[in-house]
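Derivation of every value follows stated rules applied to the coordinates shown; laboratory data play no part. Not measured: the values here are computed from a predicted model. We place every Cβ from the backbone using ideal geometry, glycine too, and count neighbours over all the protein chains shown.
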Amino acid sequence: MKTKTKDASSRGGGRSRTNDAPTGRTSKAKPGASTDWGKLRHRTDAQIRHGIASDPEVRPTDEEFWKDAKVVWPTRKTVVTMRLDADLLAWFRQQRGYQTRINAILRAYMKAHATGEPAESS
């Protein structure tokens, strides 16, 4: 019997870190703002290139741009239970992605107070 591990390929969402295959999660994009994959599949390469070239937000890249690029894998998350003030949690939950925001705030605090020594594990 195989046991599933909790990596990106077994959880709903994102892409597999090994083969870039979809992992089953659907986009949370608003209706009307999502990609029409059927329409895109029927476009020629020339039509796609023209669409990209006419997009004012597209900024072309070259070899120099990618020269120092590095792959950065997201860090593994750990599930934790903690007690927070109700009003604080309610304030964070007003926006989508509140857990990511809490994580970013805690990381900024950690970096601001870093001493250069590894943290002790309890």
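Our estimate of slack between Gln94 and Thr61, defined as 0.36 nm per intervening residue step minus the Cα-Cα distance, is 8.2 nm.
Take 61-68, 45-52 and order them by the average number of nearby Cβ atoms within 10 Å per residue, most first; the result is 45-52, 61-68.
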